[in-house]
Amino acid sequence: MYDFSSLTEAIHKGLSAHMSPVATQAIEWVIIGVTVILFVALFGLFLVYAERKVCAFFQNRLGPMRVGPWGLLQTIADFIKLLMKELIQPAKADKFLYNLAPFIVIIVPFLTISVIPFAKGLQAFDFDIGVFFVTSVSAVGVIGVLLAGWSSNNKYSLIGAMRSGAQIVSYELSVGLSIITIAILAGSLQVSQIVEGQQATWFIFKGHIPAVIAFFVFVIAGTAETNRGPFDLAEAESELTAGFHTEYSGIKFAFFFLAEYVNLFIVAAIATTVFLGAWMPFHFGHFEGFNRIMDFIPPIFWFFGKVLAVIFLIMWFKWTFPRLRIDQILALEWKFLLPINLVNILIMAFIVLKGWHF
Amino acid sequence: MKALYKYILSIIKGIWTLVQGMQVTGHYIIRPKTIVTQQYPENRDKLKMFDRFRGEVVMPHNEYNEHSCTGCGICEINCPNGSIEIISKTIVLPDGKKKRIIDKHIYHLSMCTMCNLCIKNCPSEAIVMAQTFEHAVWDRSKLTKVLNKSGSKIMEGVKE
């Protein structure tokens, strides 16, 4: 629970003792792939349940209560229902692209999840440009959105896709810039080094004011980039034009839905990694006793605790704020977040230069 | 300079209003007692309806099997859906006078929208809204009810 590198090394040694290096590599890839797929599926189901419950409590309701104790099996029942639905294809739709789009959308979280440090030694892929990789890969999702809207042979889907695309592309800037703010402070783009740099204090405390601003900009931009409320005009579920995935049914629709929720996890995980120290326990100055108690909690709990806290914050946004119009969304990005971000980077660079951070 | 001041002020104002909104929802999530939905079939025993809840039209009878309906038919006239039918009969009083009284007060629950107009307009306050709400039946004819009990008669002193 404290250091997973011993576990992964044991698996590696056990495999390479019996097999050639190529076979070992292949089997390790399969293990990682299956783990990631299982994790994404189960965590997606959990997030849908959590969202419904959190939403219910915000609105003075109980939420799902019927299927299983406290409705715990509700999302599994929903999933089975979605699996059994008929897959409809609009007439004259671009068949290939129509079927491809959900997969492109769902590939993004799988790619991004590979660089997320879940705990000490529990990271699938750690390379020099980890954070850069995350920001660039998450831009692929917009292609899936546009393809879905274009290939559906539906004007409203196309308009919904264009709006969604405009939104995702514009907020991509804010996400990237707020991560760069922290990259200046960390002095590295490698995820493991960013995490190591937060040994003493997390970056949100280390960089004080500019880091806090960057954190909130990141959370807002991340919320918008995952197409979640209050920026979810593209998929107002009760409205006639549900946006780019109107024409999708059954499991293909579930893919879009799952991608949204896993992206929510990804945004929270990146916010945790970059701003809140990933699996690093909370350390406070020279209070040795306090720090030792904090070290006692396993890193994986620290990671998931922080991720769930950020997810809760984003859900809080969704169920509090009214939905924005498209012009308001774009005005928020281009008139507010982007200038704030640019000024913030300057301040951060100045602070790092002067060494004013903790 | 003034534009910049206004810009920064609008940001701070915007954040403040957002925080206020989150305070409202945050207030509810940390207080589970504010939850208003109920687990219906489970709480059947202690479930209590509000006084103003309109379940169905009933005619209260006292312990001598007497009601205060005169059979005037005002409720039937006032019902917008035609869910009330008044069947009256004429009896001969001991002093030889003829009098119209209620024979059957028929109420079709299946057509009623619980608008309360019949109760509002009843001059002798003979009918009231009950608080029952479980009206599901297998046979539609069970929703047609005769409100006055058999053998009942009009209460003493009801103005006609």
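Data table
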| read-out | value |
| --- | --- |
| Radius ratio Rg over Rh of chain A, counting only Cα atoms, Kirkwood formula for Rh | 0.98 |
| Rg to Rh quotient for region A:80-159, alpha carbon positions, Kirkwood Rh | 1.13 |
| Descending principal axes extents, region A:82-233, alpha-carbon based, whole Å | 59, 31, 25 |
| Residue pairs, from the table A:Lys53/A:Lys85; B:Lys89/B:Lys149; A:Lys335/B:Lys2, whose Cα atoms sit over 23 Å apart | A:Lys53/A:Lys85 |
| Portion, in percent, of the accessible area of region B:5-160 that falls on carbon or sulfur, probe 1.4 Å | 58 |
| Buried accessible area, chains A and B (both chains, 1.4 Å probe, Å² to nearest 100) | 1600 |
| Nearest-10 value in Å² for the accessible area of B:Cys122, using the 1.4 Å probe | 20 |
| Sulfur and carbon atoms: percent of accessible area, region A:1-99 [1.4 Å] | 73 |
| Global size of region B:54-160 as Cα Rg and Dmax, reported in angstrom | 14.2, 48 |
| Cα centroid of region A:1-30 to Cα centroid of region B:125-160, whole Å | 79 |
| 1.4 Å probe accessible area per residue over the protein assembly as shown, in Å² | 56 |
| Phi-based couplings in Hz for region B:130-140 (Karplus 6.51, -1.76, 1.60; Gly and Pro marked x) | 8, 9, 6, 9, 8, 9, 5, 9, 7, 10, 5 |
| Shielding by partners, peptide A:56-62 (average Cβ within 10 angstrom, other chains) | 6 |
| Shape call, region A:196-347: gyration tensor on alpha carbons, a/c limit 1.5 | oblate |
| Cysteines, chain B, no other Cys beta-carbon under 4.7 Å | B:Cys69, B:Cys72, B:Cys79, B:Cys112, B:Cys115, B:Cys122 |
| Global form of region A:264-358, assessed from the alpha-carbon gyration tensor, a/c cut-off 1.5 | oblate |
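The values are calculated or read from the model by the stated rules, or taken from the named source; none is laboratory data. Every value quoted in this text rests on a predicted model; they were computed, and no experiment measured them. Heads up, the Cβs are rebuilt from the backbone with ideal geometry, glycines too, and the neighbour counts pull from every protein chain shown. For the accessible areas, the whole protein counts, side chains as well, though only heavy atoms, and no ligand, DNA or RNA atoms are used. Shrake-Rupley method; radii C 1.70, N 1.55, O 1.52, S 1.80 Å.
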